[in-house]
1. With charges only on Cβ, +1 for K and R and -1 for D and E, what is the dipole size of the stretch B:1-108 about its Cα centre, in debye, rounded to 20?
2. Positive end of the charge dipole of the stretch A:1-89 (Lys, Arg +1 and Asp, Glu -1 on Cβ, about the Cα centre): tell me which of A:A16, A:G51, A:G37 has its Cα farthest that way.
3. Could you tell me the center-to-center distance, by alpha carbons, between the stretch B:190-221 and the stretch B:7-65 in angstrom?
4. Of A:V268, A:V117, A:V241, which is the most mobile in a GNM of chain A whose springs link Cα atoms less than 10 angstrom apart?
5. Considering the Cα trace of the protein assembly as shown, what is its radius of gyration and what is Dmax, both in angstroms?
6. Suppose we keep just the alpha-carbon trace of the stretch A:10-55; what are its Rg and Dmax in angstrom?
7. Taking A:D27 in one copy and the same position in all the others, each labelled 7 Å out along Cα→Cβ, what are the pairwise distances from the first, in nm, shortest first?
8. Quick one: which residues, 5+ away or cross-chain, put their amide H under 5 Å from the amide H of B:G180? H built at 1.01 Å from N.
2 protein chains.
Amino acid sequence: VSRVLDALASVGPLDAEAMAAASDHLDRLTKPPGSLGRLEELVVWLAGVTGSVEAPVDRPVVVVAAADHGVALAHRVSAYPSDVTAQMVANFLAGGAAISALAGLADADLVVLDAGVASPIPSSQPKPRTRFIRAAVARGTRDFTVEPAMTGDEVDRALEAGFRAADDEIERGANVVALGDMGIGNTTAASAIVAGLTARPVREVTGRGTGLDDAGWEHKVAVIEGALEVNRRGSREPLEVLATVGGLEIAALVGMIAAAAARRVPVVLDGFITSASALIACELNPTLAPRLLAAHRSVEPGHSIVLERLGLRPLLDLDMRLGEGTGAALALVMLTAAARLRDEMATFESAGVSGHGRGEPAGSPG
Amino acid sequence: VSRVLDALASVGPLDAEAMAAASDHLDRLTKPPGSLGRLEELVVWLAGVTGSVEAPVDRPVVVVAAADHGVALAHRVSAYPSDVTAQMVANFLAGGAAISALAGLADADLVVLDAGVASPIPSSQPKPRTRFIRAAVARGTRDFTVEPAMTGDEVDRALEAGFRAADDEIERGANVVALGDMGIGNTTAASAIVAGLTARPVREVTGRGTGLDDAGWEHKVAVIEGALEVNRRGSREPLEVLATVGGLEIAALVGMIAAAAARRVPVVLDGFITSASALIACELNPTLAPRLLAAHRSVEPGHSIVLERLGLRPLLDLDMRLGEGTGAALALVMLTAAARLRDEMATFESAGVSGHGRGEPAGSPG
């Protein structure tokens, strides 16, 4: 685990010089200054993360970490049975999932990491541009209402598996990493992490996941409150919270964030689960947060709490709550849009277009 | 003009049967019901507009209407000189504008219609997948602070030019039409239209356009208030408001909306200008509004007023205020995403994935 922690510790601030150069470049393009709004912010952000105004984002990869949760095997905290985790991993590899379609839209490779799926994953030939990494640390976590979800060693191995997966993709040429998750019960784990690290009440953090009714939601809240009680050790140490109430895929996602951030590769978060992982990473090194792009605002209430804590404003707000990296894949397309504008637009000079204000200062009416 | 008005009058409600079938289809796909949020709404909307659950959106076209405004030639209502309209049309054709890059991203053809640009447009060979239609009705409108912007005949010819442009594109195979605008001074015209048709105060409707400062904004408000005073005839008849304080490109956009809506082709609005055109079309036939997709929420305050009036909720909110169809092009990508999910995702049955609730009703915790 030491290389994961070393990587996290090595992450420094955004490159202010590159950001200023990107802003200057944008203001030379044939449009009123700032009129492309958040797409312009993305151009500046890309420069800040990578240190380059021309950083390409033409080799995106979506990495989805999957694992099961003891709490879901033992309690009714999800609208779906735990078998669905393995079934959905098979669906990812066969190309039939939502993220399969949206990774295709984003022209991204799809990498699925098994960090601890409980049921056997039906073996099938992955479809093109889809890779499967078998790195299961355990067959799901333990039931964290009675004992810690993971041992320290299990956390270390999951962190390392995620780190290696992202690092390998970057070695292969990936220049932007979008994160996704799959794990029945993982909004329960993420809610427990966020409540544990922020000290916000469990009922404020907890949502309906894939579709709980009122009674199911009350039960989920009680389960999380019980888990935090059982596991209370007076510590808000992030890796300890991760071990006690987290998940194997959540640990793997922390490792991925560490690998990408340390190599100055832009990271696109998806929804609640990936953002809970980001919260852990940023508690370990707060300098890291500005390197993360929040793709969208999930319906899960805990997601907004995390985003506020990390100082991130989500790009999209489409009432999505699926996970898998689906929101992140849509944000990849927006990032591609930003890079195309940056690279393809003419300047006022090159296109022979008059600037604003007939030579008067910006903002004055011409 | 009668065929434009006939087309508008012919537009009926969305196809409820196709929408129900689309919802059923979505609920069979491997995801929790409704978890793809607004992307699912887009799938249902596409079915409602076209009458088909399988309606393709693989031949999108962005049609940008351009024209100049007498009010901008006579008064300082924009941060840019009117010459920029012609210069930007040339930039569209040469591929150097923001919409050039984003139409490319959306894999869309780009059609630029000159409905009344004042300055000569430098002739150049349009880049591939870009077409130019010379249909200038006049060299810009008249200064509507002293007389009506257009004669009835000019309005008719601009409506017809837009209608024909969209109709021709649909004949060529376009299956979704995204609208854009270019015209220095056209937020002034759009603000006047919206204030005229909604009776909202001019200062609530009027924004800073391409970048006015406080004094410039106050002047713009005064110009619009003066224009509405001069042109007041006790009428809120939409075509009369269009003629008195509108623009040639705005009239052309009304014609495009009529052509596409009448042929049940989905229409994607961009920002404030295209939405002001939609307001005119929907005042003539309110049944038309649900056939329009509001791509994004522009920074212009009048845009939100129009969207509310039309009952449209914008898909994106990216602080954009450029026009040209840039927001609409991004929405085209979201529409493509929705169609891919609809067409590519596996069903629970085909993928062998367990449904929610182990056979219990939807929403109960499994």
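The values are calculated or read from the model by the stated rules, or taken from the named source; none is laboratory data. Everything numeric here is computed off the predicted structure, so don't read it as measured data. Here the Cβ is made from the backbone with ideal geometry for all residues, glycine too, and neighbour counts use every protein chain on show. The area values use the complete protein model at the heavy-atom level, side chains included, leaving out ligands, DNA and RNA. Shrake-Rupley method; radii C 1.70, N 1.55, O 1.52, S 1.80 Å.
1. Values: 6 positive and 12 negative charges, 70 e Å.
Roughly 340 debye for the stretch B:1-108.
2. Checking the options against the dipole of the stretch A:1-89, the answer is A:G37.
3. For the stretch B:190-221 versus the stretch B:7-65, the Cα centre distance is 35 Å.
4. Looking only at A:V268, A:V117, A:V241, the biggest GNM fluctuation is shown by A:V241.
5. Final numbers for Rg and Dmax: 26.7, 80 Å.
6. 10.7, 39
7. 5.5
8. For B:G180, the qualifying residues are B:V63, B:V64, B:A65.
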